[in-house]
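Here is the structure we will look at.
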Amino acid sequence: MGNNARKLYSYHVWANEKLIKHLKALPDTTTWTQQVQSVFPSIRETLLHIYSVDNVWLLTVSNDTINIDEMITEVGRIRTESETWNIEQLEAQFHTLAGRYVDFMEQQGDLDEAKQISHPHYGTLDTSYSDLIQHVVNHGTYHRGNVTAMLRQLGQAGTATDYIHYLYDLTHQ
């Protein structure tokens, strides 16, 4: 499963990059900031949510002890820093974060190693790094789907970021 977690995370990076590239190519450069009636008020806010959550999970898996106050502080820090980011800056931040995830995974001998996490509402969970990386990927996939719906609502086409497209892309490079 450890190698599968690495591959799935590689897919997550590919899908985020493909989506951002698509957004940058749209004729209306403000599309990503336009207000919509959806899960989040804009595509920008959705991407910032993915980015924030990815950061929190990296913080969670890479520390032996972390508490909810530290997570809240991290999300607040990201919110403050990201207030003025344009799409290119967010793209660069995603790229840097992906490098940090890859570094973390390379430092782990076994991504299937047991990991215990605690959540203030859900309690303690015995899991593995692989399971948590799978969650990060699933979370991103879910919200990239939200972005596709938002794009359609704004009269724009989406872009295919399904896992199968990633596999075909790998095969045909």
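Compute, for GLU74, the solvent-accessible surface of its heavy atoms (probe 1.4 Å) with the complete set of protein chains present, and express it in square angstrom to the nearest 10.
Approximately 30 Å² of GLU74 is accessible to the 1.4 Å probe.
Between ASP169 and TYR122, what is the label-to-label distance in nm when each label sits 7 Å out along the Cα-to-Cβ direction?
Between ASP169 and TYR122, the simple spin-label model gives 2.7 nm.
At what distance in nm do the modelled label points of ALA160 and LEU97 sit from each other, each positioned 7 Å from its Cα along Cα→Cβ?
2.6
Using just the alpha carbons, could you tell me how many Å³ per residue the convex hull of the range 34-173 encloses?
143
Counting only protein heavy atoms and a 1.4 Å probe, tell me what percentage of the chain's accessible area is made up of carbon and sulfur. Before the final figure, lay out the partial values.
Values: 4780 of 9500 Å².
Carbon with sulfur: 50 percent of the solvent-accessible area.
Using alpha-carbon pairs under 8 Å, 6+ residues apart, how would you state the relative contact order of the chain in percent?
Once divided by the residue count of the chain, the mean separation gives 36 percent.
What shape does the range 40-103 have by the C-alpha gyration tensor, where a ≥ b ≥ c are the square roots of the eigenvalues, rounded means a/c under 1.5, and otherwise prolate means a/b greater than b/c and oblate the rest? Walk me through the intermediate numbers first.
On the way: a/c = 2.22, a/b = 1.40, b/c = 1.58.
In terms of gyration-tensor shape, oblate.
Below 8 Å, C-alpha to C-alpha, sequence gap of six or more: please give me the relative contact order for the range 90-144 in percent.
On the way: 29 pairs, mean separation 12.5, N = 55.
RCO, the range 90-144: 23 percent.
Given a 1.4 angstrom probe, what's the average accessible area per residue across the range 67-146, in square angstrom? Provide the component values of the computation, followed by the final result.
On the way: 4750 Å² over 80 residues.
Computed with neighbouring chains in place, this is 59 Å² per residue.
For the pair ARG152 and LEU59, what calculated FRET efficiency results from E = 1/(1 + (r/R0)^6), where r is the Cβ-Cβ distance and R0 = 22 Å, to the nearest 0.05?
Numbers: r = 34 Å, r/R0 = 1.53.
Calculated value: 0.05.
Using r as the Cβ-Cβ distance of GLN35 and ILE68, and R0 as 25 Å, what FRET efficiency do you calculate, to the nearest 0.05?
0.25
Using the alpha-carbon centroid of each, what span in Å lies between the range 6-37 and the range 112-132?
29
To the nearest 0.05, how large is the calculated FRET efficiency for ASN86 and HIS135 if R₀ is 41 Å and r is the Cβ-Cβ distance?
0.90
The values are calculated or read from the model by the stated rules, or taken from the named source; none is laboratory data. None of the values given here were measured: they were computed from a predicted structure. As a convention, Cβ positions derive from the backbone with ideal geometry for all residues, glycine included, and neighbour counts pool all protein chains shown. We work out accessible area using only protein heavy atoms, side chains counted, and drop any ligands, DNA or RNA first. Shrake-Rupley method; radii C 1.70, N 1.55, O 1.52, S 1.80 Å.
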